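Visitor: The structure follows.
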């Protein structure tokens, strides 16, 4: 992805346009006006993005805090190690603890979704926040029926689950990031506490 001009001392790198829209909504909810979000693309793009980002005008003098958010996908530990390897290649601080910032100018933190341990992605985190909704059993019944009739389940399943849930809202058809912006996810749900704590450390 193309680098944006560095306009804030706090930089948050996330995966894709949906990630940007989601975290913009959450940061706005938290009142963290001084955090700038950058889209680093997909998981395989992070190393190249960090190399270019660390050499960009304004980085050395202006960036005080750098947060990186990535999906665990099938292996949270491997995802975190991949981020650390990319940081090391760019000669940036590598935090020893998950979700804890380390280093100085910039201090660096890594957040692996949904919770630094389990497999999954941003959609998994959002599912955790809405699984108590009255329509959630309908979502599970629908996807169970799809798997039975089609002979296979959609993959990744959590993307299908969150889209089925969003189809139940008053305004169906929203993508995840837009859904976050219009209030489809309850920010006060405990599922988001780790993410909010991470963002407040920046």
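Visitor: Between residue 155 and residue 7, what length comes free when the chain is fully extended (0.36 nm per residue of separation minus the Cα-Cα distance, one decimal in nm)?
Guide: Gain on extension, residue 155 to residue 7, equals 49.5 nm.
Visitor: I'd like the Kirkwood hydrodynamic radius of the chain, using the inverse of the mean 1/r over distinct C-alpha pairs, in Å.
Guide: Averaging 1/r across every pair of different Cα atoms and inverting gives 17.6 Å.
Visitor: If you don't mind, there's one more thing I want to ask. Under the definition of Cα pairs under 8 Å and six or more residues apart, what whole-number percent is the relative contact order of the chain?
Guide: Relative contact order comes out at 22 percent.
Visitor: Calculate I(q)/I(0) for region 122-181 by the Debye formula, one identical point scatterer on each C-alpha and no solvent, and give its log10 at q = 0.13 Å⁻¹ to two decimals.
Guide: Those come out to -0.31, one per q.
Visitor: Set the Förster distance to 45 Å, then compute FRET efficiency between residue 170 and residue 36 from the Cβ-Cβ distance, nearest 0.05.
Guide: 0.90
Visitor: Still on this structure, please answer the following. As a footprinting exposure proxy, order 200, 80 by other Cβ within 10 Å, with the fewest listed first.
Guide: 200, 80
Visitor: Quick one: go through region 172-194 and flag any residue whose amide nitrogen is under 18 Å from the point 7 Å out along the Cα-to-Cβ line of residue 118.
Guide: Of the residues in region 172-194, 185-194 have backbone N under 18 Å from the label point off residue 118.
Visitor: Something else now. How do 149, 17 rank when sorted from fewest to most other Cβ atoms within 10 Å of their own Cβ?
Guide: 149, 17
Visitor: If R₀ is 41 angstrom, what is the calculated FRET efficiency for the pair residue 105 and residue 147, using the beta carbon separation as r and rounding to 0.05?
Guide: Taking R0 as 41 Å, the efficiency between residue 105 and residue 147 is 0.20.
Visitor: Would you please give the FRET efficiency between residue 201 and residue 44, computed as 1/(1 + (r/R0)^6) with r the Cβ-Cβ distance and R0 = 25 Å, to the nearest 0.05?
Guide: 0.40
Read the figures in this text as sums done on the coordinates, not as results from a lab. Everything numeric here is computed off the predicted structure, so don't read it as measured data. Here the Cβ is made from the backbone with ideal geometry for all residues, glycine too, and neighbour counts use every protein chain on show.
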